[in-house]
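See below for the structure under consideration.
Just so it is clear, none of the values below were taken in a lab; they were calculated from the coordinates. A quick note: this is a predicted structure, and the numbers were derived from the prediction, not measured. With ideal geometry, Cβ positions are generated from the backbone for all residues, glycine too; neighbour counts draw on all protein chains shown.
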Amino acid sequence: MIGEHTPSLLLLDMSLEDIQGPSICRRIRRESSAFPVLAMTSFSLKLYAAKAKTAGAQGLVSKNVDEDLVQTVISVLRDGSMHGFESQQIAHIRIANEQTSIPQLTLREEEIINLCADEGLLDAEIADKLDISEATVRKHMQHVLQKLGARTSRQAVAIWLSPRSY
């Protein structure tokens, strides 16, 4: 995932259309400690604070704050992390060494479980949003259920939303 060019800092939207920011952050942090990740959201910071911390971000700011504050936070992150967040090195070590019982989902499976969990969408709505068939959504959801050891979609969402799953 980390290519030839390493950024000095990554600004990461916590609520992207296709995949959730915590999933991206966790994947990046599992591979590298080379740069800090600053999570951003237009939603309540309370909604994403724990997810950003667990996923290995070094800070979290609202998209609705003054640009000067964002610049100040970026300066702080160049020297370490925000209060209450791990440094990129500690987060990398923790995530790279985690023994999780939750199997890795594909990006498409993550998209689908996130749309169920975060937006409460039904199969038809997910299919429409992702421009795939309902049968494809159901097939991906079957894989999610199997990988998470869940009997129902609701149980899969509960497992997925547990702090160690993303």
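Tabulated data for the structure shown
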quantity: Spin-label pair Arg94/Thr152, simplified geometry with 7 Å Cα→Cβ offset, distance in nm; calculated: 3.3 nm
quantity: Acute angle (nearest 10 degrees) that the helix 67-78 long axis makes with the longest principal axis of the chain, alpha-carbon atoms; calculated: 80 degrees
quantity: Straight-distance crosslink candidates among lysines, where the alpha carbon sits under 20 Å from Lys53 and sequence neighbours closer than 8 are dropped; calculated: Lys63
quantity: The range 119-126 - phi-based ³J(HN,Hα) in whole Hz, Karplus 6.51/-1.76/1.60, Gly and Pro as x; calculated: 10, x, 6, 8, 3, 4, 5, 5
quantity: Amide H contacts under 5 Å for Leu11, placed H, 5+ residues apart; calculated: Leu38
quantity: Sparse-neighbourhood loop sites, GluC sites (Glu not before Pro) in the range 1-72 - DSSP loop, at most 16 other Cβ within 10 angstrom; calculated: Glu4, Glu17
quantity: Those trypsin sites (Lys or Arg not before Pro) in the range 1-106 that DSSP places in a loop and that have at most 14 other beta carbons within 10 Å; calculated: Lys63
quantity: Per DSSP, loop chymotrypsin sites (Phe, Trp or Tyr not before Pro) in the range 24-111 with at most 13 further Cβ within 10 Å; calculated: Phe43
quantity: DSSP beta bridges in the chain [antiparallel fraction, %, rounded to 5]; calculated: 10 percent
